[in-house]
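**Q** Quick one: the structure is below, and I'll ask about it shortly.
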Amino acid sequence: MRGLDAAWGARFLEGDALFDTPFREADGLGPVYIRASCGGCHQAATRGPGFVERMVQVDAAGEPVPGMPALPYGTVVRPFAITGAHPLLAPSRADVRLHQRAGIPVMGRGWLEAISDAELLRVAAAQAQRTDGVSGRVNRVTWRSEANPDSPFHDFQPGAVVIGRFGLKARQPTLDDFAADALQGDMGITSALRPVEPPNPDGLTDDAKAGVDVDAALVNAIADYVRLIAIPPRQDMGPRGPRLFAQVTCDACHVPSLKTRADYPVPQLANADAPVFTDLLVHDMGPALADGLTDGEATGREWRTSPLVGLRFLKAFLHDGRAQSLDEAVRLHGGAGSEAKASADLYLALSDDDRAALLSYLSSL
Ligand code: HEC
Ligand code: HEC
């Protein structure tokens, strides 16, 4: 991000190094884990190459089974384990389905954190008045980390009910919470914010490094790095792209800009227009995109509107990377029961020339 003062600039560099550093068994990696570094799934702050596999136990009708008793260690596959331990693999049962989640780009995420709660509630209320099926809602979630007293960004306490913004179903409210959750859940690195190792087949409550693996300062450094990654510079291609984007109502969910809090601690992000092209609300995208997993109040069919940021750096799109092009990603919005069906239909009705202009506008974001 341009114009940071020396202190924030130093925070960025510190967190940048930690983001790409592989943790080792001696650092507390495991007992089970998916990848050894954040960068393993967010290479160059974009999508992948690593990903997360989630398991869902379903009944004969394909509906998720309450409590999922076949999955005693949770729904996340953790394919690696430290010396002497066993990885957490999917049981080979016909009633357990696998769903892939691609690592999401992390560019410009400080903007998402800075947006005021009031803006999100305002947009949700406005969508509730629409007649074209678009009706996103905020995902209210419980703060699951320990308190983080050193953070100037919030003072959330364990058990508080807050608005979720991060993750594919908006399940995390802040970036320090996300960093602590990713360290714990993806890497088996416990921290002052998330001190408990993930459940594992050997019942291990610790790993090669005794006790809590990292302090809150390390979590905050990684979170600050993510906060300070800029939105890649956008080229102004004239009014046609934005006009088409609004004409086919992409902007109902991919809201071009939202106001940020006046008291956000990074001055560049405070009291500003966040050009993020999302409403941070979750939307029912229909059964074709559903995974059957719930997160906070988000259902198995709901997904957070993806921020349209740095799309030109991505090679695959949507939560599992199933779309190989922007055109395919937009077409897949149009399944039966999707809130975005009307918008996708308008997109399909555009002339070839207009559709190409809209797609090149998307690539510029
Ligand atoms: C094994 C792959 C993997 C690793 C390792 C990983 N992530 Fe992620 N990350 C993901 C996936 C998948 C998602 C979407 C998760 C979801 O919603 O369930 C995600 C989402 C995120 C988001 C949310 C972005 C948004 O737009 O909401 C942030 C921030 C993030 N990761 C940061 C980190 C940090 C920091 C680390 C290291 C401490 C890390 N990740 C390690 C795969 C990974
Ligand atoms: C009802 C709300 C809604 C509308 C309307 C909508 N989208 Fe989306 N969009 C979403 C959601 C939710 C996702 C994430 C879906 C997923 O990952 O499965 C998404 C994902 C995307 C992605 C993939 C981004 C990525 O990082 O993979 C693109 C591109 C996109 N939308 C473009 C558009 C365009 C262009 C339009 C207008 C034709 C549009 N969307 C209309 C809600 C909407």
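**Q** Over the chain, what is the relative contact order in whole percent, taking alpha-carbon pairs under 8 Å and six or more residues apart?
**A** Worked out over the chain, it gives 20 percent.
**Q** Now for a different question. Give the Cα extents of the stretch 265-315 along the principal axes, in whole Å, largest first.
**A** 40, 29, 13
**Q** Please list, ordered by chain and number, the residues whose modelled amide H lies under 5 Å from the amide H of A160; skip anything fewer than 5 residues away on the same chain.
**A** Hits under the 5 Å cutoff: W143.
**Q** Next question. At a probe size of 1.4 Å, how large is the accessible area of L175, to the nearest 10 Å²?
**A** L175 exposes around 10 Å² with every protein chain in place.
**Q** In bins 5 Å wide, starting from 0, what share of all Cα pairs of the stretch 240-364 does each bin hold, as a percent?
**A** Spelled out bin by bin, the stretch 240-364 gives 2, 10, 18, 22, 20, 14, 8, 5, 1, 0 percent.
**Q** Pull up the cross-link candidates among the lysines for K341, meaning alpha carbon to alpha carbon under 21 Å and not fewer than 8 places away within one chain.
**A** Output for K341: K169.
**Q** Helix 216-228 versus the longest principal axis of the chain: what is the Cα-based angle in degrees, 0 to 90, to the nearest 10?
**A** Around 20 degrees separate the two axes.
**Q** Report, as a whole number in µm² per second, the diffusion coefficient that Stokes-Einstein gives for the chain at 20 °C and 1.002 mPa s using the Kirkwood radius over alpha carbon pairs.
**A** 101
**Q** If one takes the longest principal axis of the Cα atoms in the chain, at what angle in degrees, from 0 to 90 and to the nearest 10, does the Cα axis of helix 175-187 lie?
**A** 60
**Q** Might you work out the accessible area of F80 for me, using a 1.4 Å probe with all protein chains in place, and round it to the nearest 10 Å²?
**A** Accessible surface of F80 is approximately 100 Å².
**Q** Helix-only mean residue ellipticity at 222 nm, the chain, DSSP H runs n ≥ 4 weighted -39,500 (n - 2.57), per residue, nearest 500. What is it?
**A** -8000 deg cm²/dmol
**Q** Name the residues whose placed amide hydrogens come within less than 5 Å of the amide hydrogen of A298, ignoring near sequence neighbours (fewer than 5 apart) on the same chain.
**A** When sequence neighbours closer than 5 places are left aside, there are no close amide H contacts.
**Q** Another one. Can you compute the charge dipole magnitude of the stretch 240-364 about its Cα centre, using +1 on each Lys and Arg Cβ and -1 on each Asp and Glu Cβ, nothing else charged? Give it in debye, rounded to the nearest 20.
**A** It comes to approximately 320 debye.
**Q** Helix 117-128 versus the longest principal axis of the chain: what is the Cα-based angle in degrees, 0 to 90, to the nearest 10?
**A** Approximately 50 degrees, to the nearest 10.
**Q** May I pose another question? At 1.4 Å probe size, put E339, E14 in order of accessible surface, largest to smallest.
**A** From most exposed to least exposed: E14, E339.
The values are calculated or read from the model by the stated rules, or taken from the named source; none is laboratory data. Remember, it's a predicted structure, so these values are computed and weren't measured experimentally. Heads up, the Cβs are rebuilt from the backbone with ideal geometry, glycines too, and the neighbour counts pull from every protein chain shown. Calculation scope for accessible area: heavy atoms of the full protein, side chains included, ligands and nucleic acids excluded. Shrake-Rupley method; radii C 1.70, N 1.55, O 1.52, S 1.80 Å.
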